[in-house]
Amino acid sequence: MTTLSIKNLGVKVGEQQILHGVNLNVSSGQVHAVMGPNGSGKSTLANVIMGKPGYQVTSGSITLDAQDLLSAPTWVRAQAGLFLAMQYPTEVPGVSLRETLELALQARGIENIDTGSRLVEEAGRIGLSTQLLDRAVNVDLSGGEKKRNETAQLAVLNPQIAVLDELDSGLDIDALRACAERIEQLTQAGLGVLCITHYHRLLDYLPADQVHILIDGHIVESGGPELAQELESDGYARFLPSDGESDGVEVAIGGLGASNQAPRPDADDPFSDPLA
Ligand code: ADP
Ligand code: MG
């Protein structure tokens, strides 16, 4: 049993305090969903867990069992068993996906795996064309293909804990279902998941044990799956400050139903705001 433990986490970007004392524990086999309006700090949380540069931790701790992660570089966190599926997966020209996974597995002392065949097997499970596996990491893949690619990597690497930052964005309904069901299978085998999403749909296939609402860098409520259902119908209104002001957080008027129709940043849109 492994536990990712986040205690009183405060994070600043530049002069702006983004996260204010976040507490969260994710153990093997559990699925924790984090939902919140755009700009509430969800990607900041995911990125700080994985050690992306550019964030200043102002308080608290992140540990994987007894291991302190905040003092460790990203590769050590990966070696310890953490995985991040990024909201906007990075293209890495000239770097082969197969070799990357091979080296990542070797770094964790896993040598007796035919990475090429495992990748083909996992791609087949989620409908990712095996022709795309010969490309450099994420290069020239569509938004949805990148998300499937992340899922295939996750399944091959078989980490202890996976953080999924809007895995569902860019996926069509069949791909969403295939990816989410594959991850659900992995949780049955012990994977712990921190799943950031805007939509209940992902959780239909990857049921959450707990749902946490993040507003303005605070977890304002935690509960069961019924919380995600409530958001789907009522939006975030109940969780927002009563004066309607929430420190710069964008709030969809009319709840999630309305925000579904609003234009959303797309991983393939060169003009989208990568921080949205
Ligand atoms: P979410 O994923 O919930 O939409 P983010 O964590 O991406 O929110 O962003 C939270 C806030 O932090 C936003 O106001 C965003 O503009 C700001 N922010 C995040 N990363 C950076 C950065 N690298 N530089 C400047 N501001 C940032
Ligand atoms: Mg985000």
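What follows is calculated from the coordinates using simple rules that are stated; it is not laboratory data. Computed from a predicted structure; not experimentally measured.
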Q: Please label the shape of the range 81-207 as rounded, prolate or oblate, based on the square roots a ≥ b ≥ c of the eigenvalues of the alpha-carbon gyration tensor (a/c under 1.5 means rounded; beyond that, a/b larger than b/c means prolate, else oblate).
A: oblate
Q) Counting DSSP beta bridges with both partners in the chain, what percentage is antiparallel, nearest 5? A) 60 percent
Q: At 20 Å minimum axial length over the Cα atoms and a Kyte-Doolittle cut of -0.5, report the qualifying DSSP H helices in the chain, or say none.
A: 173-188
Q.
For Cα pairs less than 8 Å apart in space and 6+ apart in sequence, what is the mean separation divided by the residue count of the range 81-207, i.e. the relative contact order in percent?
A. 32 percent
